[in-house]
Amino acid sequence: MVPADLTPAQFFETYLPAEWARARAGQPAAADATFEVVLDGDGGGTWTIAVRGGALSATAAAATTTPDLRVHMTTQDFRAAMQGEAGAPDLFPHELDLATALARIPAGAAPTAPKGSVEIHISGFNGRTWSIGLATGGATAPGATVTVDADTILAIKNGSMDPASAFFSGKIQLGGDVAWIMQAGMGFMQGRRGPLN
């Protein structure tokens, strides 16, 4: 679990590069990629994370080229996902060792997602809606939406409901460019094959 006392700047500029170097030592080089993270609110900002030649660096600035993935959320929601939040439902994998996850990223070319964007909204999250925006290929407007309540995610996580049942019963709602969601999901699943299984 990410230490609770880290600021977003410390996470991106110090903690993440150090964890990457520790986790990837002796591993084949991961594919080059560029990510842009935008956090709104107290302690927020914009960071560019670049993987080049197997090394990861992070700078407090917007990407100068189109990022492979752009992530946009509030600082509060970022902290809830990465560091936990008192009173919040246990939706995120806080038991996950970030270094282990980084070490399992496969070498070779990164899977490419079609240009598009999605906003994911989790209602009933500690009295608010937790949200994240993801965009690939330089997309700027939210083309698709995924809406689900926190209780449904908990039910899927503890095995009392399967994702297909949640979707077909209307508990997971897709809107906008649903075809892009399906394409992006397939690309993600393909990228998980091999070393991650």
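The values are calculated or read from the model by the stated rules, or taken from the named source; none is laboratory data. This structure is a prediction, so every number in the text was calculated from the model and none was measured. All Cβ positions, even for glycine, are placed from backbone atoms using ideal geometry, and neighbour counts span all protein chains on display.
Residues are listed down the side, and each one gets a yes or a no for (1) within 15 Å of Leu134 (Cα to Cα); (2) of a type in the set (S, T, N, Q):
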{"site": "Leu39", "(1), (2)": "yes, no"}
{"site": "Gly45", "(1), (2)": "no, no"}
{"site": "Thr48", "(1), (2)": "yes, yes"}
{"site": "Ala55", "(1), (2)": "no, no"}
{"site": "Ala58", "(1), (2)": "no, no"}
{"site": "Ala61", "(1), (2)": "no, no"}
{"site": "Thr64", "(1), (2)": "no, yes"}
{"site": "Leu69", "(1), (2)": "yes, no"}
{"site": "Thr74", "(1), (2)": "yes, yes"}
### Query
Does segment 115-122 contain at least one residue that is at pLDDT below 90 and part of a loop (DSSP other than H, G, I, E, B)?
yes
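I'm checking my understanding of the structure. Among residues of segment 145-166 that are over 16 Å from Met73 (Cα atoms) and touching a residue at least 24 places away in the same chain (Cβ under 8 Å), which one is farthest from the chain's Cα centre (by Cα)?
Restricting attention to segment 145-166, the residues satisfying the condition of being over 16 Å from Met73 (Cα atoms) are 148-166.
Restricting the remaining residues to those that are touching a residue at least 24 places away in the same chain (Cβ under 8 Å) gives 148-151, 153-154, 157.
Numbers: Val148: 16, Asp149: 18, Ala150: 17, Asp151: 20, Ile153: 16, Leu154: 18, Lys157: 17 Å.
Only one residue tops the list, namely Asp151.
I need the full set of residues from segment 25-42 which are over 19 Å from the mean Cα position of the chain (by Cα) and closer than 29 Å to Glu85 by Cα, in order please. Walk me through it before giving the result.
Step one: list which residues in segment 25-42 are over 19 Å from the mean Cα position of the chain (by Cα), which gives 25-29, 42.
Hit for segment 25-42 is Asp42, nothing else.
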### Query
Do we have Ala103 as at pLDDT below 85, more than 16 Å from the chain's Cα centre (by Cα), over 17 Å from Ile181 (Cβ atoms) and surrounded by 16 or more Cβ atoms within 10 Å (Cβ to Cβ) here?
yes
### Task
Could you list, in sequence order, all residues of segment 127-174 that are farther than 28 Å from Phe35 by Cα, among the charged types (D, E, K, R) and surrounded by 18 or more Cβ atoms within 10 Å (Cβ to Cβ)?
Lys171
